[in-house]
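First the structure, in the form of structure tokens, and then the observations on it.
The values are calculated or read from the model by the stated rules, or taken from the named source; none is laboratory data. The structure displayed is predicted, hence computed values, not measured ones. Quick reminder, even Gly has a Cβ in these numbers, built from the backbone with ideal geometry, and neighbours come from all protein chains shown. SASA here: full protein model, heavy atoms, side chains in, ligands and nucleic acids out. Shrake-Rupley method; radii C 1.70, N 1.55, O 1.52, S 1.80 Å.
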Amino acid sequence: MDLENQRRVKEAAENFGAENVIVLIGAAEGEAAGLAAETVTNGDPTYAGPLTNEQLGLAVYHAVEPEFKEVVDPNVFEEQIGMMEMVLDVDDIIEEVSEMRNQYAKY
């Protein structure tokens with residue numbers, strides 16, 4: 001997660017309360033998705049950005065996770081994400097993101 005997005009996430013958590021913020025990730029690889037999920041829950045593990053040592057505990061999901069798919073219009077999901085879902089390693093992405101969410105998310 002780049003430094004600008006870290007700043008935006010931190011501001012959203014401060015302005016709206018961490019319990020009112022959900023982060024939606026769209027990374028194409030499990031490792032990248034897991035790193036982003038860890039950053040918004042437990043802090044930036046690279047110690048390079050605004051979320052260094054910031055354990056926000058935010059709720060975080062990837063766009064291909066069932067929890068997200070359940071609340072999105074199926075036609076919109078298919079139009080916007082369906083094609084990518086066919087080429088991504090969805091199981092790896094879900095495993096990485098859910099592991100970080102289960103381990104560090106408070107909300």
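Quick look at the numbers
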quantity	calculated
Phi to ³J(HN,Hα) by Karplus 6.51 cos²θ - 1.76 cosθ + 1.60 over region 35-41, Hz, x for Gly, Pro	5, 5, 5, 5, 4, 8, 9
Accessible surface, 1.4 Å probe, highest first, among residues 106, 69	106, 69
Sequence-distant residues sharing a close amide H with residue 25 (under 5 Å, placed H)	61, 62, 63
Residue (of 5, 41, 53) at the positive-pole extreme of the chain, dipole from beta-carbon charges	53
Per-peptide average of other Cβ atoms within 10 Å, ordering 45-51, 94-100 highest first	94-100, 45-51
Quarter of the Cα convex hull surface for the chain, i.e. its orientation-mean projected area (nm²)	6.4
Region 5-79, accessible surface, carbon-and-sulfur percent (1.4 angstrom probe)	47
Zone residues, region 26-43, relative to residue 8, backbone N less than 16 Å from point 7 Å out along Cα-to-Cβ	26-28, 36-37, 40
Accessible surface, the chain, averaged per residue in Å² (probe 1.4 Å)	60
